[in-house]
Amino acid sequence: MTYRDPTEAVQPHTTRDLCLFILPLALVIILFHFWGNRSSVAMESPSLLRWIMAQWTHAGGDFSHGWIMPIISLGVIAMRRRELLAAPRRQNGYGMLLVIFCLALHWAALRAQQPRVSLVALATLLWAIPLYLYGWAFARWLLFPYGYLMLSFTSYLLVAFTFPLRLTASGLSTHILNGLGIAAIRHG
């Protein structure tokens, strides 16, 4: 029996914890890289990661800022590393339910050829895995980076909702300007 001095600091992380983090992350990246996109595989690739990079680097695109948002999320995690390392760790069963839901959502989105829905599943999965492995006390520190990452992926979904709003706003402003005696014509 070994004696451990009670005043000795306990290491907040171990090699096992690092492996528990890296292995699922690698599996998620492999899954979404090789089986992530079926929307236009002939023109692009089956990789969801390549698909999102193509969307972000599209010349003249509205989402050219998207590539920097995951980097900012990682930066926030790096800034909060002390809190993450000090957080108590306990597995959370709800995290496993969320992991299963995300994998099912990805499968359904893959079958329906909806890469944007797969991106939502990817971002949520990146938060659900730490929730399952380390618990709520750990995962709550990841909520802001997760939300920011989700915003970078779901901004495409926002366009579907904001486009009719833009049409309404341009139509109303044209009517108001014409009503005030200022000649205005709406194009587009």
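The values are calculated or read from the model by the stated rules, or taken from the named source; none is laboratory data. This structure is a prediction, so every number in the text was calculated from the model and none was measured. Don't worry about glycine lacking a Cβ; one is built from the backbone with ideal geometry, like all the others, and counts go over all protein chains shown. Protein only, heavy atoms only, side chains kept; ligands, DNA and RNA dropped before computing areas. Shrake-Rupley method; radii C 1.70, N 1.55, O 1.52, S 1.80 Å.
Key figures
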| read-out | value |
| --- | --- |
| Under Karplus coefficients 6.51, -1.76 and 1.60, residue-wise ³J(HN,Hα) of the range 90-95 in Hz, glycine/proline x | 7, 4, 10, x, 5, x |
| Table column - 3J(HN,Hα) (Hz), the range 19-32, Karplus curve with 6.51, -1.76, 1.60, x for Gly and Pro | 5, 5, 8, 6, 4, x, 4, 5, 5, 5, 5, 4, 4, 7 |
| Accessible area expressed per residue, the range 91-188, with surrounding protein chains retained (probe 1.4 Å, Å²) | 59 |
| Rounded FRET efficiency, nearest 0.05, which uses the C-beta distance separating Ser170 from Ile77 and R0 of 45 Å | 0.65 |
| Carbon and sulfur %, accessible surface of the range 56-165 computed with the full protein complex present, 1.4 Å | 70 |
| Note, ³J(HN,Hα) from phi for the range 69-74, Karplus 6.51, -1.76, 1.60, rounded to Hz, x at Gly and Pro | 5, x, 5, 5, 4, 5 |
| Computed E for Leu177/Tyr94 - FRET, C-beta separation, R0 41 angstrom, nearest 0.05 | 0.15 |
